[in-house]
Amino acid sequence: MSAPTADPGTSVSDGRYVYCVVAVEEDESDERDDWSEPNGVDGAEAYLVTSDGVGAVVHRCERTPNPADLSSVKRSLLRHQHVVDAAGEAFGTPLPFRFGTVVEGGDEAVERWLTETADTQRKHLDALSGKWEYRIEVGWDEDALAETVESNDDRLRELAEKLEDSSEGTSYLLQKQYDKRLSDLVYGEREARVSDLVERLDPLIDRMEELGRPSVSLEDDQGSDRQSDDGPTLRVAVFAPKQNEIPIGDVLDDVEADPETTAVQYTGPWPPYTFAPSLGDEGNGNGESTESNADTTDVGPGAGGA
Amino acid sequence: MPTVDIDGDEASDGLFALVIAVVEILVDALEREAIRRMESESLTDAEIERLGSHLAELEAEIDRLKEEVGVGDDVDRLRGDLDGLVSDALLDLDDSRPGVDSR
């Protein structure tokens, strides 16, 4: 059910850049006809094209974004996200589109596509309705975890005592033995904390996805440097009903109060970037579906906060 | 999939770093085996002392060589790359269960 989209970085005739799809009630016609968002990608004004109770947020364009131009992509991603956020505020949880999706043939083509796919779109929108994506990142201080483990483990204490009065060769191996046990226990302690947190979040959320490291940082060009000084962390996106936003925050407040926790980041509500079905992925593979993969870029945390 | 790059400033440095990395991995494996035997109490105190002294000497010698040739960073990088390769291989194994397409 992919829209007939144009290749990246090319000229298009009567193009419509698509941000997201939203649910519009028939009796909201005034509201939806008036809705627009002036600060879209490339400064264009985004507006709504509707058909059969669903609406696509679009702007008029003559070229498709060029994913090779990284600095303009970064700027455009923020604008893209800004428009999707605004549409979400006005019409409820949106079905976000991949960055760079452009349909040719004007509003008529968008309308035609909406009519054809309205049933599926509504089904997806109903499933997302009232729920939002939240990003959670919890970091633990490895040294503090090690201290906790050391003070609670009898075997480590025993090894430390043996270490003190053993000769050189033996103490070398005892030290290795100590280090290995310590690192195993610290790993286990971290795993226990993660599963405890996941268990506590479970009744509050619909779904959870573990996130990799951010591939592109929007703040600077050295995103990969962030890996080096990090201790053990949990980075997840969760999909949860809006009313659970504060209960989730309360759970995270508890975790933050632990002395071994270094940082807790909780951001959202975001449009369901991680949890929305990928409409483009259902294309027929003949080149119609050529959206950039830029939506996997981490535009969530860092661009706002809760 | 990460690749292992052995092109140091000098080709011989790259090769040397690779050799040292392999020796370090071997010594790590020996140490783990020694600890396993200690824990299962199959070594006498004298054997533990002798084994520990040998391994300590090996480690000191490796550190000295790394310092002398200045390849410490290259060795760490290579071992990091190897970790990545092994992780990917394990993930691939996990993916290639019957009936599941491998990535």
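The values are calculated or read from the model by the stated rules, or taken from the named source; none is laboratory data. Because the structure is predicted, anything quoted here is derived from the model rather than measured. Cβ coordinates were reconstructed from backbone atoms using ideal geometry, including for glycine residues, and neighbour counts include every protein chain displayed.
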| Can we say A:Arg213 is assigned by TED's automatic domain parsing to the domain that holds A:Gln265, modelled with pLDDT under 90 and under 27 Å from A:Asp143 (Cβ atoms)? | yes
| said: Among the residues of the stretch A:177-210, what is the count of those that are within 14 Å of chain B (Cβ to nearest Cβ) and at pLDDT 90 or above? | reply: 8
| remark: Residues in the stretch B:37-53 that are surrounded by 15 or more Cβ atoms within 10 Å (Cβ to Cβ) and within 8 Å of chain A (Cβ to nearest Cβ) total 6
| task | For the stretch B:16-36, name all the residues that are more than 10 Å from chain A (Cβ to nearest Cβ) and either free of Cβ contacts under 8 Å to residues at least 24 places away in the same chain or assigned to a loop (DSSP other than H, G, I, E, B) (or both). | result | B:Val19, B:Val22, B:Leu26, B:Ala29, B:Glu33
| said: Within the stretch A:116-131, does at least one residue satisfy the condition of being buried (at least 20 other Cβ atoms within 10 Å of the Cβ), of a type in the set (A, V, I, L, M, F, W, C) and in contact with a helix residue (DSSP H, G or I) (Cβ under 7 Å, 6 or more places away or on another chain)? | reply: no
| All positions within the stretch A:125-176 that are within 30 Å of A:Thr93 (Cβ to Cβ), aliphatic (A, V, I, L, M) and either in a helix (DSSP H, G or I) or within 14 Å of chain B (Cβ to nearest Cβ) (or both) | A:Leu125, A:Ala127, A:Leu128
| Count of residues meeting criterion [out of contact with any helix residue (DSSP H, G or I) (no Cβ under 8 Å at 6 or more places or on another chain), more than 22 Å from A:Gly268 (Cβ to Cβ) and crowded, with 17+ Cβ neighbours inside 10 Å] in the stretch A:38-88 | 3
| field | Sole exception among (1) at pLDDT below 90; (2) buried (at least 16 other Cβ atoms within 10 Å of the Cβ); (3) within 14 Å of chain A (Cβ to nearest Cβ) for B:Asp13, by number | value | (3)
